[in-house]
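Engineer: Below is a structure I'd like to ask you about.
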Amino acid sequence: MNEVTGRVLADRISKVLNYLKEQKITQYEIEQRINYTSLSKAKNFDRYPQVIIEKMSRQELLLRLLEEFGLRYDEATDHIFPGGELKPITTSQEVLYYIMYYYAFARETVGKAVIRIINKKRVIIDYRLEEHWEGTYEVVENYTFINAVKAGDSTPVKKLICLFSGTKKYGRPILLGTYSTVKRDGFPAAGRILLEKVEQEDDIHEKLNNETDPRIVSYLTNKVFVSKTYTPNSLDDLSSDHRIIQKYAGRYVLFYPNRNHEFTRAELTIEINSRSTMDIGGLNYAGHTKLLDPHTLQIRLQEGHSFTEASQSSLTIFFNTRKNTMHEFYNCAGISNELEGYPASFACFMIRLSDLDNLSEKQVNNFLEDKRNLIYIAN
């Protein structure tokens, strides 16, 4: 490239930036990749005519941009084209390698990709399915953010990865977080993600081809949320699940068997916002109600008021909304992790508290006695 005036170089820099903008690459992302924060000055010769800006001439900056983004400038036509070679990663650059694990539920397996973090700023992600992504790497307080764009598509697809890095900002052996993107079929998706550091580039191939550690598989399996691709006009257009749950919201009495195969009672409340609480055996449980199908509610409860995976005592009730022919009882099935006082799995029955008040003690006892032979217990 022949020496030209600063004004002409500023114009060419502006053309490169406009070209990259059309590819959905922001000026901020460009500055992050080339570690240069004065692009606005470099492209504005009238206000900033100085030869050197941020320790770089406009000639050097233009070459840097073309090399970094694999572009070519044609002086004859004064246009920017793809076709140059991407700037290679030199030994002077600091590169961190990670294997990224995620759950690909369409294939029902844990997928892998290679992440390269260059100079703590630029990120390159290569999937095994011939997908190439490029983006930026940023640490804010205790969190790491990766913004990446899928290369090669006419309509760019973006991905945001959020990771907790803690007080050590760079180089942790394992990072946990979430991703948010659009899947190949066009559905917005988000899920868990795990990054495992690879010390040497030569070890990447071995990691990719080895079986995924079962602890990683367990951590990621089925931890994906996919949104539907439609825009409701109102909240009434949302799923009808909430209407069915609302129909069965209220206070119930649950009859469940103890270890002597005798029925004991507990109080259960299902709220219209899907929250559920239960007082059983002197313990308090809290959780959520989920619609499994038009006639089955799943009530998942954990001991205490926090619904977390760390809770030790859990209880799941499968609520069949078809009523018994006798009285107003509902058939249910329960699963617990061996709570004190009742077995791991069992048949049980529920009735609204208001309906129970209308029955005599004898009617209730007769019903339960009739159902004793239906109890299934697995210790």
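Engineer: For the stretch 2-23, indicate whether the set of residues that are within 20 Å of Thr136 (Cβ to Cβ) and not in a helix (DSSP H, G or I) is non-empty.
Structural biologist: Yes, the conditions are met somewhere in the stretch 2-23.
Engineer: Would you please name the residue that is modelled with the highest pLDDT, looking only at residues in the stretch 81-134 that are over 30 Å from Val16 (Cα atoms), open to solvent by 70 Å² or more (accessible area, probe 1.4 Å) and not hydrophobic (A, V, I, L, M, F, W, C)?
Structural biologist: Glu108
Engineer: So which strands (runs of 3 or more DSSP E) stay within the stretch 110-228 end to end and still have 3 or more residues that are within 27 Å of Tyr28 (Cα to Cα) and out of contact with any Gly (no Cβ under 9 Å at 6 or more places or on another chain)?
Structural biologist: Working: elements: 122-127, 132-140, 143-150, 158-164, 174-182, 188-198, 224-226.
Strands (runs of 3 or more DSSP E) meeting the threshold: 132-140, 174-182, 188-198.
Engineer: Yes or no: the stretch 241-263 includes at least one residue that is open to solvent by less than 50 Å² (accessible area, probe 1.4 Å) and farther than 30 Å from Gln363 by Cα.
Structural biologist: At the first step, the residues of the stretch 241-263 found to be open to solvent by less than 50 Å² (accessible area, probe 1.4 Å) are 244-245, 248-250, 252-258, 263.
Filter once more, so that each one left must be farther than 30 Å from Gln363 by Cα: none.
No.
Engineer: Condition first: in contact (Cβ under 8 Å) with a residue 40 or more places away in the chain and surrounded by fewer than 13 Cβ atoms within 10 Å (Cβ to Cβ). Now tell me which residues in the stretch 47-73 satisfy that.
Structural biologist: Pro49, Val51 - these are the residues of the stretch 47-73 that are in contact (Cβ under 8 Å) with a residue 40 or more places away in the chain and surrounded by fewer than 13 Cβ atoms within 10 Å (Cβ to Cβ).
Engineer: Take the conditions closer than 21 Å to Val123 by Cβ, at pLDDT 85 or above and open to solvent by 40 Å² or more (accessible area, probe 1.4 Å) and apply them to Arg7. Does it pass?
Structural biologist: Values: closer than 21 Å to Val123 by Cβ: no; at pLDDT 85 or above: yes; open to solvent by 40 Å² or more (accessible area, probe 1.4 Å): yes.
No; evaluated as a whole, the condition is false for this residue.
Engineer: Which of the residues belonging to the stretch 10-47 are of a type in the set (Gly, Ala, Ser) and at pLDDT below 90?
Structural biologist: Here is the first cut: in the stretch 10-47, the residues of a type in the set (Gly, Ala, Ser) are 10, 14, 38, 40, 42.
If the condition is that a residue be of a type in the set (Gly, Ala, Ser) and at pLDDT below 90, then Ser38, Ser40 are the ones that fit.
The values are calculated or read from the model by the stated rules, or taken from the named source; none is laboratory data. Computed from a prediction, not measured in an experiment: that's the story for all the values here. Glycine gets a Cβ as well: all are built from the backbone with ideal geometry, and neighbour counts include every protein chain shown. When the accessible area is computed, the model is the full protein with side chains, heavy atoms only, and any ligands, DNA or RNA have been set aside. Shrake-Rupley method; radii C 1.70, N 1.55, O 1.52, S 1.80 Å.
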